[in-house]
């Protein structure tokens, strides 16, 4: 059954332009034909993205709340300082660029600029909204990291004030970063980007079509597994408590789901393979086509009775004019 699921996914990839209901016309909605108009229609959305980037930079530079850390609390904060298993520069690579590469692959097959534009826009919104919420909560909570002791007292000499609060003499940057434990930024970003990719793939391969191909679920769960491993690495590196990772994962996945549903139908829907905008464009195209077809300018003009051709079986004559030879033959029953 699993191999059958993989085969069905390969067959779907090879026939995306031919099979299925309401399939995409490969030449109808390309970047060249509709890209500029689509970008103009969503100009405000792209401005909001720039605003989110600015807010994220401000939040990153803002000092977090330095909460009270007493001597007895240090017993749980003496884990060693380690380097990141997943460096911070790698997060945009797998959480943003990797999903975009997948979106481009589907665009190369289907030539649907609505799908490409809305998937990229939804992904960026998911990641940036998650980033803003994560850093805002980090700064407000100010929870110490598991390795806070060595950030605060790099020489191991503890110093406390008269109230029992720590008096840190470590590097300012290490102390500042040491108060940003909750929630995990690596984890929230990972689940935002890879969670969005998981939802996107589940819609494209029709993972919930009721045919029981478990191999499709393996494809859907693969990005989520990668995000989970990133979260686990944050605990293993002693940069976060497990509660930080759990909260970050929930936050990223929830935001990714909301952003995905803003542009795409649910993955279990019959139309889950395409964005709302594509179906709206197709509906408008059909409406305009029907309107043009019913327009008086294109109605068949009635001609004198001499050009009327009797119907078969003795029915009343039907007026027509300017018919091509092929249409005349069809009307006369010759073809």
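For the reader, a short list of remarks on this structure follows.
- Remark: residue 180 falls outside the filter, which requires a residue to be over 23 Å from residue 91 (Cα atoms) and under 29 Å from the mean Cα position of the chain (by Cα).
- Region 204-322 holds helices (runs of 4 or more DSSP H) entirely within its bounds, and those carrying 2 or more residues that are at pLDDT below 80, within 24 Å of residue 117 (Cβ to Cβ) and touching a helix residue (DSSP H, G or I) at 6+ places or on another chain (Cβ under 7 Å) map to 276-293.
- Residue count for region 248-272 under the criterion of being surrounded by fewer than 24 Cβ atoms within 10 Å (Cβ to Cβ) and over 15 Å from residue 227 (Cβ atoms): the result is 12.
Here's the yes/no breakdown for (1) in a helix (DSSP H, G or I); (2) modelled with pLDDT of 95 or more; (3) over 23 Å from the mean Cα position of the chain (by Cα):
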| residue | (1), (2), (3) |
| --- | --- |
| 93 | yes, yes, no |
| 97 | yes, yes, no |
| 126 | yes, yes, no |
| 129 | yes, yes, no |
| 136 | yes, yes, no |
| 145 | no, yes, yes |
| 158 | no, no, yes |
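- Scan of region 160-177 for residues that are part of a loop (DSSP other than H, G, I, E, B), free of Cβ contacts under 8 Å to residues at least 60 places away in the same chain and touching a helix residue (DSSP H, G or I) at 6+ places or on another chain (Cβ under 9 Å), ordered by number: 167, 168, 169, 170, 171
- Flag if residue 108 is modelled with pLDDT of 95 or more, more than 18 Å from residue 231 (Cβ to Cβ) and assigned to a helix (DSSP H, G or I): no
- Test for residue 49: is it over 21 Å from residue 232 (Cβ atoms), touching a residue at least 40 places away in the same chain (Cβ under 8 Å) and part of a helix (DSSP H, G or I): yes
The values are calculated or read from the model by the stated rules, or taken from the named source; none is laboratory data. Since the model is a prediction, treat every value here as computed from it, not as a measurement. Neighbour counts run over all protein chains shown; Cβ positions are idealised from the backbone, glycine included.
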